[in-house]
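Working notes, structure below.
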Amino acid sequence: MKVILHTGAHRCATTSFQEYMRHNAQALEKQGIGFWGPYRTRNGLFHGIQPGPAPVSGRDLVQRARGRLQIQMAASRENGTHKLLVSEENMIGSVRQNLRLGDLYGGVGERMARFYQAFGGAVTDVALSIRSLDSYWTSALAYAVARGHKLPSETSLDRLAQSPRSWRDVITDIAAAMPDARLHVLPFETFGSRPEAALAALTGAEAPRAHARVRLNASLCLQDLRAGLPSSAAAELPEGAGRWRPFNDAQAASLREAYADDMMWLAAGADGLAALAHDPDKPAAGQNPPHTRLTRGRPDDKQRRMAGSG
């Protein structure tokens, strides 16, 4: 059985993808595709994999977690599942930790190494969704502020904009932690609003179109943010409506440049560590690209007459 870990990231339409998978679970089962989402993974399935406070019982929590996973995977295999997709963005960390440390999933390598061990080497593929860093941090900040986090200071915004860590570092850490798994990178700009395309890219299956346009946990606009905050905090937000843009032009440009570098690295092969997922609805041209100019037009005639005159 092929095991695919879909690790998010946060704020990359991961919740919408999980909702799409839940609604189409029965249809996908007929194709041999199983799905585990947060409703299952956060109900004790992953308990003990990551270090943390635990009752003193003398039991090896990591070993027990590995046993639970083996039992659940065996049950899925017996039910005819050929491809098991496990979607849980908290495997790689949390938005709260990213904002607190001003870092992009700094401990992702250690975390994913623990999951790789817990699955007993059964993981064949890992999927990571990424998006432009300026929009990622903006969405993360809006998500945090809407839940009571204080508004970012200019110093903290500049720290995020100047951070040397980017998606390339996250990808490198995951690849090092799971060397035998294929790592697929899905740009949010291509797959964020099209979960069926993401599923097709990961599994090669004929993805259902039903419930493919459900959008959950979208960032709140300025007017909605102000409505949910205390008056003192709401007064610190800029006036007007539309999307909140906490970064100034220079900071946003720096973040976009870092993301462009990451995308160029991925397009060039990512040093063999990861593969950039391509839109299944837009097949590559192949070795023989199509001819787009089959006839001459007036500009060609005019240029030829001018070249031959004099």
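The calculated Kirkwood hydrodynamic radius for the chain is 21.8 Å, given to one decimal from all distinct C-alpha pairs. Phi-derived couplings, Karplus 6.51 cos²θ - 1.76 cosθ + 1.60 at θ = phi - 60°, listed residue by residue for region 96-113: 4, 5, 4, 6, 5, 8, x, 9, 9, 6, x, x, 5, x, 5, 4, 6, 5 Hz, with x used for Gly and Pro.
For the chain, carbon and sulfur atoms together expose 49% of the accessible surface, with a 1.4 angstrom probe and every protein chain in place. Comparing Cα centroids, region 116-154 and region 198-259 end up 12 angstrom apart. With a Förster radius of 30 Å applied to the beta-carbon distance between K150 and R243, the computed FRET efficiency rounds to 0.90. With the helix formula -39500 (n - 2.57) applied to DSSP H stretches of n ≥ 4, the chain reaches a computed 222 nm mean residue ellipticity of -13000 deg cm²/dmol. For the chain, excluding the exposed loop sites themselves (GluC sites (Glu not before Pro), DSSP loop, at most 14 other Cβ atoms within 10 Å), the longest remaining stretch covers 1-205. Under the simplified labelling scheme, the A233-A74 pair shows an inter-label distance of 4.8 nm, with each label point 7 Å from Cα along Cα→Cβ.
Label-to-label distance, A260 versus A113, with points set 7 angstrom from Cα along the beta-carbon direction: 3.6 nm. For region 200-247, with equal point scatterers placed on the C-alpha atoms only and solvent neglected, what are the log10 I(q)/I(0) values from the Debye formula at q = 0.14, 0.22, 0.33 1/Å, to two decimals? Log10 I(q)/I(0), no solvent term: -0.54, -0.80, -1.22. Count Lys and Arg as plus one, Asp and Glu as minus one, and take only other residues whose Cβ is under 11 Å from that of L186; the net charge is then 0. For region 1-117, the Stokes-Einstein estimate of translational diffusion at 25 °C and a viscosity of 0.890 mPa s comes to 159 µm²/s, using the Kirkwood hydrodynamic radius over alpha-carbon pairs. Sparsely packed loop sites in region 44-118 (the trypsin sites (Lys or Arg not before Pro) outside DSSP H, G, I, E and B with at most 12 other Cβ atoms within 10 Å) comprise R59.
Over the chain, accessible surface divided per residue gives 55 Å², non-protein components excluded, 1.4 Å probe. Extending 7 Å from Cα along the Cβ direction at D271 and again at N43 yields two label points whose distance is 4.1 nm.
The values are calculated or read from the model by the stated rules, or taken from the named source; none is laboratory data. Predicted model only: the values in this text are computed from it and were never measured. Every residue, glycine as well, gets a Cβ built from its backbone with ideal geometry; the counts of neighbours run over all protein chains shown. Keep in mind that these areas ignore ligands, DNA and RNA; they rest on the heavy atoms of the full protein, side chains included. Shrake-Rupley method; radii C 1.70, N 1.55, O 1.52, S 1.80 Å.
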